[in-house]
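This report refers to the structure that appears directly beneath it.
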Amino acid sequence: MTSAGREQSISWSGREDDCADGAGGSYRASRAGNLTFIDEALKARLAQLEFDGSSCKIAVRVVGWTAWTDGAIVLRSRTREFRTELARVGSYWRACVPLRYDNGRFAAVGIPVGGYDVEFECVDATGTVRRIPLLTDPSYVAGVPHTHQDGLSEYRGLVSKSGCVHLSVRAALSPDERGAFHQRRLQESTAATVVKEADLDGLLLRSYFAETVTCNGLAITEELLRRGSTLPIYWAVRDESVWSPPGVERVLHNSARWYELLRSAKYYIDNMYQPAYHDAPPGQVVVETFHGYPFKAMGHGYWTTAGFSAEQIESYDKRAEQWSYLVSPAPYATPYLTKEFAYDGEVLEIGYPRNDVLRSERADTLRAEVRSSLGIAEGERVVLFAPTFRDWTSVDGHTAPFVDTLDVRHVAELLGDGARLLVRGHAFNARSGQSRRFGANVIDVTAYPEVSDLYLAADVAVVDYSSLRFDFGVTGKPMIFLVPDLEQYKQGRGWLFDFEPTAPGPFVSTGDEVAELVRTIDTWVPTYARAYASFTDGYLSLEDGHAARRFVDAVFVPRGDAPALEKA
């Protein structure tokens, strides 16, 4: 407004995309080059998004008001959050957002596959934490990169129709590997490839459909490396988020390389069924280890009751015919495994290699390392809550919601600051993508890479019908059995033999009972000493810490792919 009362434009000295924050809005240049004030509430606008190696550089322009502190960029999916603080650089707030994170004691891995909302977080003048979507400036939409590959994952910056910024993470399959058509083509071309037995080489392993590197295969891998075997070792992984030990080559699951190795490897080890499309070439050694002690109804008995098709059952039986070995964890388990899976080949009744670490010399050191990596203070009592899934809640036979048998928040409040709860969902729960927020003194370890670490870190376990109780029993630590739906589970899933002899601890139905037993643990443990000893003798007699050694001696040493141990 001039002194004569007329309106007059004010020119802007900067570029059109320059701006300055103001109270309640922002100042920027119009297309004509004049200064314009935009009245708006708090907004965070993307000024830069640039991938660089294992990070993503983000610059943000915050408009609306300036009375905020502690700015951060948050990547939020349905189940995970990753937070990176912002720093003021000139007229922008900037963050270098890592695309990898430390997962417990393990080396940094890529953030998990999925979709992430990119949000701006700050603290307002009242101390309230606020989060708003990160929006793109209309002038910058075209500048958002579409794809970036880091290791075995592909990252894409996306903009929704409403202008919100998103990050998508997926396996870094090539265009001619992605999709049902290309997968079918790869399967057919690989099956048609003729491989001479003399040309088979290397060991290929897969665990839980390549979701993790764990279980019996990992223990076998470690034993081979410990002996100095020169056999090439390949682990199938689904993307960059899957940890693997030094000394092995990771192979992206469903890639052309995966199919090539599946056909040409001398040894193939899986803890699930091998893929239906795989027909083992002559001379390939196929080993089925499975992933749990037999207890629940399984195999033919379960498939028939659950209504599996004749074609599906026939497929399972055909794959079992190709097993060179079946690993059994205990004498009691062998007849159940051979009967239910219609297997008449060689059984390695050796115990479970995955449990060797629980009886190893490094167990105490590893316990301290794991607890430290999880932020557990010395002297805190650690309770591991690890329920199985409920079959009647799964609609696809692959995922299921987390069970609600325990009010974790309530139990944590009852136990107070001297205790920590570790919540370990089943693999079905992990795949469901269900969001869980448990509050103080509770750590969700469903995505933690190695469950045996959690057995070592815990002081007591709250379990139910899961075969996990057999593995945890190797530690000799107390178990509380939370089984409010015992009869329903028996009728719904069923089991191979009586539950009670495999559950050497108190049976409870409520969180209050769980908390009371944790608080008074020293008073009731002696009561179950005889039952625990009987449980150990009857089901865990082979768990002496040397199962992986017996496996390597039986499978690799006779074929010249691992050195024999010197006799003492």
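The values are calculated or read from the model by the stated rules, or taken from the named source; none is laboratory data. As the structure is a prediction and not an experimental result, all values here were calculated from the model. Reconstructed Cβ throughout: ideal geometry from the backbone, glycine too, with neighbour counts over all protein chains shown. Surface accessibility is based on the protein's heavy atoms, side chains included, excluding ligands, DNA and RNA. Shrake-Rupley method; radii C 1.70, N 1.55, O 1.52, S 1.80 Å.
Kindly indicate whether any position in segment 225-236 is surrounded by fewer than 20 Cβ atoms within 10 Å (Cβ to Cβ) and closer than 20 Å to residue 288 by Cβ.
Yes: segment 225-236 contains one or more residues that are surrounded by fewer than 20 Cβ atoms within 10 Å (Cβ to Cβ) and closer than 20 Å to residue 288 by Cβ.
If a residue must be over 28 Å from the mean Cα position of the chain (by Cα) and within 25 Å of residue 329 (Cβ to Cβ), how many such residues does segment 503-521 contain?
Count: 3.
Could you tell me which of the residues 192, 171 is open to solvent by less than 50 Å² (accessible area, probe 1.4 Å) and of a type in the set (Gly, Ala, Ser)? Steps first, answer last, please.
Numbers: 192 fails: open to solvent by less than 50 Å² (accessible area, probe 1.4 Å).
Step by step, each of 192, 171 is checked, and only 171 is open to solvent by less than 50 Å² (accessible area, probe 1.4 Å) and of a type in the set (Gly, Ala, Ser).
What number goes with the only condition from (1) open to solvent by 20 Å² or more (accessible area, probe 1.4 Å); (2) out of contact with any Leu (no Cβ under 7 Å at 6 or more places or on another chain); (3) touching a residue at least 60 places away in the same chain (Cβ under 8 Å) that residue 242 does not pass?
With (1) open to solvent by 20 Å² or more (accessible area, probe 1.4 Å); (2) out of contact with any Leu (no Cβ under 7 Å at 6 or more places or on another chain); (3) touching a residue at least 60 places away in the same chain (Cβ under 8 Å) applied to residue 242, the lone miss is (1).
It is to be established whether one or more residues within segment 419-439 are open to solvent by less than 10 Å² (accessible area, probe 1.4 Å), within 23 Å of residue 208 (Cα to Cα), modelled with pLDDT of 95 or more and part of a strand (DSSP E or B).
Taking every residue of segment 419-439 in turn, at least one turns out to be open to solvent by less than 10 Å² (accessible area, probe 1.4 Å), within 23 Å of residue 208 (Cα to Cα), modelled with pLDDT of 95 or more and part of a strand (DSSP E or B).
Evaluate segment 391-410: report whether one residue or more is without any contact (Cβ under 8 Å) to a residue 12 or more places away in the chain, of a type in the set (Ser, Thr, Tyr) and either open to solvent by less than 50 Å² (accessible area, probe 1.4 Å) or farther than 23 Å from residue 554 by Cβ (or both). Talk me through it step by step, then tell me what you get.
Within segment 391-410, the first condition is being without any contact (Cβ under 8 Å) to a residue 12 or more places away in the chain, and the residues that meet it are 393, 395-397, 404.
Next, only the ones that are of a type in the set (Ser, Thr, Tyr) stay: 393.
So of that shortlist, the ones also either open to solvent by less than 50 Å² (accessible area, probe 1.4 Å) or farther than 23 Å from residue 554 by Cβ (or both) come out as 393.
There is at least one residue in segment 391-410 that is without any contact (Cβ under 8 Å) to a residue 12 or more places away in the chain, of a type in the set (Ser, Thr, Tyr) and either open to solvent by less than 50 Å² (accessible area, probe 1.4 Å) or farther than 23 Å from residue 554 by Cβ (or both).
Test residue 483 against the criterion of being touching a strand residue (DSSP E or B) at 6+ places or on another chain (Cβ under 6 Å) and modelled with pLDDT of 95 or more, and give yes or no. So that I can check it myself, show each step before the final result.
Details: touching a strand residue (DSSP E or B) at 6+ places or on another chain (Cβ under 6 Å): yes; modelled with pLDDT of 95 or more: yes.
The answer is yes for residue 483.
Does any residue in segment 169-183 that is under 24 Å from residue 51 (Cα atoms) and of a type in the set (S, T, N, Q) come within less than 8 Å, Cβ to Cβ, of a residue that is open to solvent by less than 40 Å² (accessible area, probe 1.4 Å) and modelled with pLDDT of 95 or more six or more places away or on a different chain, and which pairs are these?
Qualifying pairs under 8 Å: 174/255.
Can you tell me which residue in segment 291-305 is least open to solvent (accessible area, probe 1.4 Å), limited to those that are under 25 Å from residue 204 (Cβ atoms) and touching a Ser or Thr at 6+ places or on another chain (Cβ under 9 Å)?
Filtering segment 291-305 for residues that are under 25 Å from residue 204 (Cβ atoms) and touching a Ser or Thr at 6+ places or on another chain (Cβ under 9 Å), the one least open to solvent (accessible area, probe 1.4 Å) comes out as 292.
Mind checking which residues of segment 304-355 are closer than 30 Å to residue 450 by Cβ and among the β-branched types (Val, Ile, Thr)?
327, 334, 338, 347, 350, listed by residue number.
Output the residues belonging to segment 40-79 that are under 27 Å from residue 151 (Cα atoms) and of a type in the set (Gly, Ala, Ser).
Across segment 40-79, the qualifying residues are 47, 53, 54, 55, 59, 72, 77.
Do the conditions hold for residue 214, that is, is it closer than 30 Å to residue 168 by Cα, surrounded by fewer than 23 Cβ atoms within 10 Å (Cβ to Cβ) and modelled with pLDDT of 95 or more? Steps first, answer last, please.
Values: closer than 30 Å to residue 168 by Cα: yes; surrounded by fewer than 23 Cβ atoms within 10 Å (Cβ to Cβ): yes; modelled with pLDDT of 95 or more: yes.
Considered against the rule, which asks whether it is closer than 30 Å to residue 168 by Cα, surrounded by fewer than 23 Cβ atoms within 10 Å (Cβ to Cβ) and modelled with pLDDT of 95 or more, residue 214 comes out as yes.
Restricting the search to segment 542-568, which residues are acidic (Asp, Glu) and surrounded by 13 or more Cβ atoms within 10 Å (Cβ to Cβ)?
So in segment 542-568, the residues acidic (Asp, Glu) come out as 543-544, 553, 561, 566.
543, 544, 553, 561, listed by residue number.
Look through 21, 102, 39 and report the one residue that is of a type outside the set (S, T, N, Q), more than 30 Å from residue 367 (Cβ to Cβ) and either at pLDDT 55 or above or loosely packed, with under 15 Cβ neighbours inside 10 Å (or both). Step through it out loud before you land on a result.
On the way: 21 fails: either at pLDDT 55 or above or loosely packed, with under 15 Cβ neighbours inside 10 Å (or both); 102 fails: more than 30 Å from residue 367 (Cβ to Cβ).
When all the criteria are applied, what remains is 39.
Could you check segment 167-254 for strands (runs of 3 or more DSSP E) lying wholly inside it with 3 or more residues that are of a type in the set (A, V, I, L, M, F, W, C)? Talk me through it step by step, then tell me what you get.
Working: elements: 203-206, 233-237, 249-252.
Because the criterion is at least 3 residues that are of a type in the set (A, V, I, L, M, F, W, C), the strands (runs of 3 or more DSSP E) in segment 167-254 that meet it are 203-206, 233-237.
If you go through segment 184-214, how many residues are under 24 Å from the mean Cα position of the chain (by Cα), over 19 Å from residue 110 (Cβ atoms) and of a type in the set (S, T, N, Q)?
0
Please specify each residue of segment 46-77 satisfying the condition of being open to solvent by 50 Å² or more (accessible area, probe 1.4 Å) and either at pLDDT below 85 or more than 20 Å from residue 158 (Cα to Cα) (or both).
65, 66, 67, 69, 70
For segment 336-345, what are the residues that are surrounded by 13 or more Cβ atoms within 10 Å (Cβ to Cβ) and more than 28 Å from the chain's Cα centre (by Cα)? Please lay out each step first, then the result.
The first filter runs over segment 336-345 and keeps only residues surrounded by 13 or more Cβ atoms within 10 Å (Cβ to Cβ), leaving 336-343, 345.
Result: 336, 338, 339, 340, 342, 343, 345.
If you go through segment 368-384 one residue at a time, do you hit one that is touching a strand residue (DSSP E or B) at 6+ places or on another chain (Cβ under 7 Å), closer than 30 Å to residue 288 by Cβ, open to solvent by less than 60 Å² (accessible area, probe 1.4 Å) and touching a residue at least 60 places away in the same chain (Cβ under 8 Å)?
yes
Could you check, for segment 63-70, whether at least one of its residues is in contact with a helix residue (DSSP H, G or I) (Cβ under 8 Å, 6 or more places away or on another chain) and of a type in the set (D, E, K, R)?
Of all residues in segment 63-70, those in contact with a helix residue (DSSP H, G or I) (Cβ under 8 Å, 6 or more places away or on another chain) come to none.
No: zero hits.
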